[in-house]
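The values are calculated or read from the model by the stated rules, or taken from the named source; none is laboratory data. Keep in mind the model is a prediction, meaning the values are calculated, not measured. Neighbour counts are summed over all protein chains in view; Cβ atoms, including those assigned to glycine, are modelled from backbone coordinates with ideal geometry.
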Amino acid sequence: MAWFLRRCCALGAALLVLVPIVAGAAAPAPAMLTQEETLQLQRFAAYLNGIRTMTARFRQVASNGAVAAGKLWVARPGRMRFEYDPPNPITLLADSNYVYYWDKELKQASKYELRSTPAWFLLRDPVSFGSDVTVTAIQHAGAAIGVTVVESAQPDAGSLTLVLTDNPPVLRQWIVVDQQGKTTTVTLSDLQFGMALDPALFQYQSLFTGSNR
């Protein structure tokens, strides 16, 4: 996706937010969790499962220093939309089954199975840190906690790190590392929860009509 047509040079790793990750690197070892950390993961899962709808601003930084920003909408389970600020012409949309990449300038689209992208972890129902994912690291930095997970069935296919505050739990950031070690960091601000969202935001046809509410 990040290499889609001529946008590969302009956007590069910045679009790894929802890009499929391919196996190839050595599989990381599971983290040895303390009882307190296990309880923290349970609280985080309960918090994430409590999110049904959400909007936020995002700022995205790629390994090469490229910066992008925009707005995102989430309707769990399964649906998410990233609308990048101009002049970036990209929209990313997840509709429970697929992730669509739409270039408004080129009028071209591509799609990928949601299950093959890092977005799957946040959008599935329920979210859990159970047997289908492996927690490989927990990092503490002041009031924030970073939880790194890989898919248990494909542990060498890249990782996703969620950064949350602990008390109360609030999702602040996520970091995607692909199998080549390239990193994309997405930081959230202006988070709002529980609002009614137009279902058209998450429909493939809205990419062509410019639905943006």
Fill in the blank from the handout: Exactly one of D166, D132 is surrounded by 14 or more Cβ atoms within 10 Å (Cβ to Cβ) and more than 20 Å from Q180 (Cα to Cα), and that one is D166
Completion exercise
Residues of region 118-127 being more than 19 Å from R59 (Cα to Cα) and crowded, with 17+ Cβ neighbours inside 10 Å, in sequence order, are W120, F121, L123, R124, V127
Fill in the blank from the handout: Going through region 26-47 in order, the residues found to be in a helix (DSSP H, G or I), more than 23 Å from G158 (Cα to Cα) and hydroxyl-bearing (S, T, Y) are Y47
Handout entry: Every pair of residues 6+ apart whose Cβ atoms lie under 7 Å, when the first sits in region 23-41 and is at pLDDT 90 or above while the second is among the charged types (D, E, K, R) and not in a loop (DSSP other than H, G, I, E, B)
Key = Q40/D166
Fill in the blank from the handout: Of the residues in region 156-209 that are in contact with a Lys or Arg (Cβ under 9 Å, 6 or more places away or on another chain) and hydroxyl-bearing (S, T, Y), the one that is nearest to A94 (Cα to Cα) is Y204
Handout entry: Filtered residue count, region 84-111, keeping only those that are crowded, with 17+ Cβ neighbours inside 10 Å and more than 21 Å from D198 (Cα to Cα)
Key = 2
Fill in the blank from the handout: Within region 47-72, residues without any contact (Cβ under 8 Å) to a residue 12 or more places away in the chain and closer than 19 Å to F193 by Cβ come out as G50
Problem - Spans of strands (runs of 3 or more DSSP E) in region 100-213 with at least 1 residues of a type in the set (S, T, N, Q), within 15 Å of V74 (Cα to Cα) and free of Cβ contacts under 8 Å to residues at least 60 places away in the same chain - result: 169-177
Practice task
With the checklist (1) at pLDDT 90 or above; (2) under 15 Å from the mean Cα position of the chain (by Cα); (3) closer than 19 Å to L201 by Cβ; (4) among the β-branched types (V, I, T) in hand, flag the one item V17 doesn't pass.
Solution key: (1)
Practice task
Would you be able to say whether some residue in region 145-156 is acidic (D, E), touching a helix residue (DSSP H, G or I) at 6+ places or on another chain (Cβ under 9 Å), more than 20 Å from L188 (Cβ to Cβ) and modelled with pLDDT of 90 or more?
Solution key: no
Problem - Test for R57: is it out of contact with any helix residue (DSSP H, G or I) (no Cβ under 7 Å at 6 or more places or on another chain) and part of a helix (DSSP H, G or I) - result: no
